[in-house]
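Notes follow the structure.
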Amino acid sequence: TSPQNAFGEVNFFKVSTEICGVEAEILNNWFPLKYLSTASDSLDKMEVSRFLKVELEYRYNRILNKNNSLAFRALLGIAKPFGTSDAVPYNKQFFVGGPNSIRAWKIKALGPGAYRDIFSYIANYQTGDLKLELNGEYRFTMLRFSKYKMEGTFFLDAGNVWLLNKDPDRENAEISSDFWKQIAVGTGFGARFDFNIFLIRFDLGLKLYDPNPEAYIWIKEKNPIRKFSITDLVLNLAVNYPF
C-alpha cells in the first residue's frame, strides 16, 4: 500500500498464492504412507488434491475533497490442478456476485461464462477456475451527524468466472477468445452509515448486461429491450466497504 500523495491518491497491490499437494507428494516419497496414493486405485487409499491458485488484486483510491472520493479495483485469479488431479476442489474455486463483488447478481449466481443454471431459483453454486473482475465507485457524503455520517455511492461492476477446460454438463462455461462477450456488467446506488468503528452498507444493484444468451439484456444488438421489473434489482447488505 502506498502512502497518500499530494493528489489524495493511494495505490494498493496484493498477490495471493496457494499450492496444495506438493507437500503430500514430498512426504510420501520420504515416508510412504498407506493412505496417500498417486491415483485412486484402491478403496483404502485417498487421493490428495493437487492445485495451484494465484490471485492478483489492484486498488486505486483518490480523495477529491472531504466529501467526495473515487475508488477502483481490478481482480484477476486463476486456479489450476496438476499431477493426478483433474479439478480444483469446489471450495477453492473462484466465484462472483454478492455484496463484495458484482452486486447486480447474488453470490455464485453468475457464470461460469454464459452458462445458465436451470436450478438457480433454488440455490446458486456456480464457480470457475478463472476470474476477472473490475469495480468502480464514486462516493460522496450525504449527511453528517456529529462524528458520524451517511454516505452515498454510484457503482459500476463488471466481470465473470470461467472454466479452463470444457465441461459437457455446462455449455459455454469455458474460457475462449470471445470471453469479452461474456463479461457481465451491473450498476447501482448504495447508502453507507459510517459509525467510525464500523460501516453498515446497503447496495442496490441492477443488471446492465447479462452474458446468459437466454436472459434479457439491456444492451443487445438484435433482441428488444425488456421492460424494467422490480425483480431486476438485487439488494446487498454488508459491513465496511467492498474494497
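The values are calculated or read from the model by the stated rules, or taken from the named source; none is laboratory data. Just so it is clear, the structure is predicted and the values come from calculations on it, not from any experiment. Every residue, glycine among them, receives a Cβ derived from its backbone with ideal geometry; neighbour counts consider all protein chains shown. Note: accessible area is taken over every heavy atom of the protein model, side chains too, but ligands, DNA and RNA are not part of it. Shrake-Rupley method; radii C 1.70, N 1.55, O 1.52, S 1.80 Å.
With one equal scatterer per alpha carbon and no solvent term, the Debye-computed log10 I(q)/I(0) for the chain at 0.15 1/Å reads -1.08. Using the 1.4 Å probe convention, the accessible area of the chain works out to 59 Å² per residue with neighbouring protein chains retained.
Spin-label model, Ser16/Lys181: points 7 Å from Cα along the beta carbon direction are separated by 3.2 nm. Restriction of the trypsin sites (Lys or Arg not before Pro) in the range 56-160 to DSSP coil positions whose beta-carbon has at most 10 other beta-carbons within 10 angstrom yields Lys66, Lys147. Rolling a 1.4 Å probe over the protein heavy atoms of the chain, with every protein chain left in place, gives an accessible area that is 62 percent carbon and sulfur.
Given their separation in residues at 0.36 nm each and the Cα-Cα distance between them, Asp232 and Ala191 gain 12.9 nm when the chain is fully extended.
A simple spin-label model places pseudo-atoms 7 Å from Cα toward Cβ; at Gln4 and Glu55 they are separated by 2.7 nm.
If the segment from Tyr90 to Leu204 were pulled out straight at 0.36 nm per residue, it would be longer than the present Cα-Cα gap by 38.2 nm.
Can you tell me what percent of all Cα-Cα pairs in the range 38-181 are more than 27 Å apart? Distances greater than 27 Å cover 38 percent of the Cα pairs.
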